[in-house]
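S.K.: I'd like to ask you about the structure that follows.
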Amino acid sequence: MSPRALTVAADAIGTTLLGDTAERDYAAKLRLFATFAEPELRAAIRALQLEPGMRVLDAGCGTGEALKWLADEVAPGGAAVGLDLARAHVAAATDHAAPTTLVLQADLLRAPFPSHSFDLVWCVNTINHLRHPIGGIEALANVAKPGSRIVLGQSSFLADMYFAWDARLERVTNEAVRQYYRDRYGLSERDLTNVRSLLGWARAARLRDVHAQTVAIERISPLRPADRTYLLQAIFRHTWGERLRPYLSAADYAELQALCDPQDARFALTRPDFHFLQCFTLVTGVT
Ligand SMILES: C[S@@+](CC[C@H](N)C(=O)[O-])C[C@H]1O[C@@H](n2cnc3c(N)ncnc32)[C@H](O)[C@@H]1O
């Protein structure tokens with residue numbers, strides 16, 4: 001059966017907290033992030049010590065890079081199954097994955113699997129998109145075998161460092177991004193920052209033996225091409241593009257644009273003092 005034949009309609013739930021729908025497509029940004037953070041994500045997956053023959057679920061698999069890395073760890077004889085709400089992300093993950101990998105379009109709150117199907121569930125940067133995160137973790141725990149691990153990854157519990165040389169401009173830029181998201185999705189500051197409750201949500205969902213581990217995604221100049229591409233395209237041009245203009249003073253917006261412009265002598269990514277830091281946290285619990 002082709003993966004697409006197993007599509008489950010998820011539209012009935014409406015949008016998620018951050019605007020995800022079956023129709024939404026930010027595959028390009030997801031691909032850039034996965035390529036950028038590949039060293040840290042692969043190390044986190046290797047540290048899980050998966051074994052050949054295991055069945056793992058990547059819930060909110062996006063464009064499927066981690067799905068492929070998970071599949072490598074459980075081969076031979078195992079399987080990594082991807083699930084995502086967005087049709088475009090499922091299509092991208094299907095293209096990226098091995099032909100035998102199953103990728104389903106579905107809402108993880110109604111994951112179309114029998115109870116106790118998986119030896120491990122991996123879910124990165126997704127639980128914070130749900131209106132009911134504890135219900136989401138409970139749904140993931142339901143499809144995991146008793147005694148198996150639920151691994152919830154989340155970047156940026158603490159603010160990322162982009163401008164090591166100018167904390168003020170970085171602070172007002174981060175605040176402008178948050179204000180943009182609050183306006184766009186009608187959220188309060190508490191809604192946007194409640195992602196930091198991930199550990200508490202895991203405990204509220206009655207996972208056992210919950211623990212957290214944070215690593216730093218750290219980059220300094222000179223950057224690898226994947227780092228430069230992610231920071232330039234996903235952050236400088238997309239997240240910090242024209243849409244931030246209303247939220248910054250004219251002087252700050254002009255300075256930000258100069259730092260983000262590869263043609264400008266002030267371009268941030270070629271400064272010798274460019275030093276990027278982002279924390280990435282894995283909260284793990286047992287069903
Ligand atoms: C920020 S992306 C993270 C994707 C991937 N895990 C990664 O780390 O690159 C969040 C993903 O969760 C998916 N998603 C959001 N709500 C979902 C839901 N209720 N069920 C399944 N997938 C969902 C989105 O479509 C999107 O692909």
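The values are calculated or read from the model by the stated rules, or taken from the named source; none is laboratory data. Predicted model only: the values in this text are computed from it and were never measured. All Cβ positions, glycine included, derive from the backbone under ideal geometry; neighbour counts span all protein chains shown. Protein only, heavy atoms only, side chains kept; ligands, DNA and RNA dropped before computing areas. Shrake-Rupley method; radii C 1.70, N 1.55, O 1.52, S 1.80 Å.
S.K.: Condition first: among the hydroxyl-bearing types (S, T, Y) and touching a Leu at 6+ places or on another chain (Cβ under 9 Å). Can you find one or more residues in segment 108-115 that meet it?
M.R.: no
S.K.: On to the next question. Condition check: closer than 27 Å to T193 by Cβ and not basic (K, R). Does H116 satisfy that?
M.R.: Here the answer is no, as H116 does not meet what is asked.
S.K.: Consider R149 carefully, then state whether it is farther than 27 Å from A268 by Cα, in a loop (DSSP other than H, G, I, E, B), in the same structural domain as Q49 (by TED's automatic domain parsing) and within 19 Å of the chain's Cα centre (by Cα).
M.R.: For R149, the condition - farther than 27 Å from A268 by Cα, in a loop (DSSP other than H, G, I, E, B), in the same structural domain as Q49 (by TED's automatic domain parsing) and within 19 Å of the chain's Cα centre (by Cα) - is not met.
S.K.: Among the listed residues R24, R87, R110, identify the single one that is modelled with pLDDT of 95 or more, within 11 Å of the ligand (Cβ to nearest atom), on the phi < 0 side of the Ramachandran plot and open to solvent by 20 Å² or more (accessible area, probe 1.4 Å).
M.R.: Matching residue, one of R24, R87, R110: R87.
S.K.: Any residue in segment 44-58 that's touching a residue at least 60 places away in the same chain (Cβ under 8 Å): show its pairings with residues that are aromatic (F, W, Y) and open to solvent by 20 Å² or more (accessible area, probe 1.4 Å) at Cβ separation under 7 Å, as long as the two are six or more apart or on different chains.
M.R.: Hits for this filter: I45/W69.
S.K.: Given the residues P272, P262, which is the only one that is in the same structural domain as Q179 (by TED's automatic domain parsing), touching a residue at least 12 places away in the same chain (Cβ under 8 Å) and out of contact with any helix residue (DSSP H, G or I) (no Cβ under 9 Å at 6 or more places or on another chain)?
M.R.: Residue meeting the stated conditions: P272.
S.K.: What's the number of the only condition in (1) loosely packed, with under 15 Cβ neighbours inside 10 Å; (2) modelled with pLDDT under 95 that S221 fails to meet?
M.R.: (1)
S.K.: Right, next: Anything in segment 65-84 that is open to solvent by 10 Å² or more (accessible area, probe 1.4 Å) and within 15 Å of the ligand (Cβ to nearest atom)? List them, or say none.
M.R.: Correct list: E65, A66, K68, W69, A71, D84.
S.K.: Output the residue which, of all residues in segment 27-37 that are within 9 Å of the ligand (Cβ to nearest atom) and not aliphatic (A, V, I, L, M), is nearest to R219 (Cα to Cα).
M.R.: F33
S.K.: A further question on this structure: Residues A141, A93: which one is in the same structural domain as G200 (by TED's automatic domain parsing) and open to solvent by less than 10 Å² (accessible area, probe 1.4 Å)?
M.R.: Residue meeting the stated conditions: A93.
S.K.: Here is a follow-up. In this structure, does R228 turn out to be exposed (fewer than 14 other Cβ atoms within 10 Å of the Cβ), closer than 18 Å to D261 by Cα and assigned by TED's automatic domain parsing to the domain that holds L259?
M.R.: Against the criterion (exposed (fewer than 14 other Cβ atoms within 10 Å of the Cβ), closer than 18 Å to D261 by Cα and assigned by TED's automatic domain parsing to the domain that holds L259), R228 does not qualify.
S.K.: Another question about this same structure. Among the residues of segment 144-171, write down those that are more than 16 Å from the ligand (Cβ to nearest atom) and either surrounded by 19 or more Cβ atoms within 10 Å (Cβ to Cβ) or under 30 Å from S117 (Cβ atoms) (or both).
M.R.: K145, P146, G147, S148, R149, Y162, F163
S.K.: Could you run through segment 270-287 and say how many residues are surrounded by fewer than 19 Cβ atoms within 10 Å (Cβ to Cβ) and farther than 30 Å from L120 by Cα?
M.R.: The total comes to 5.
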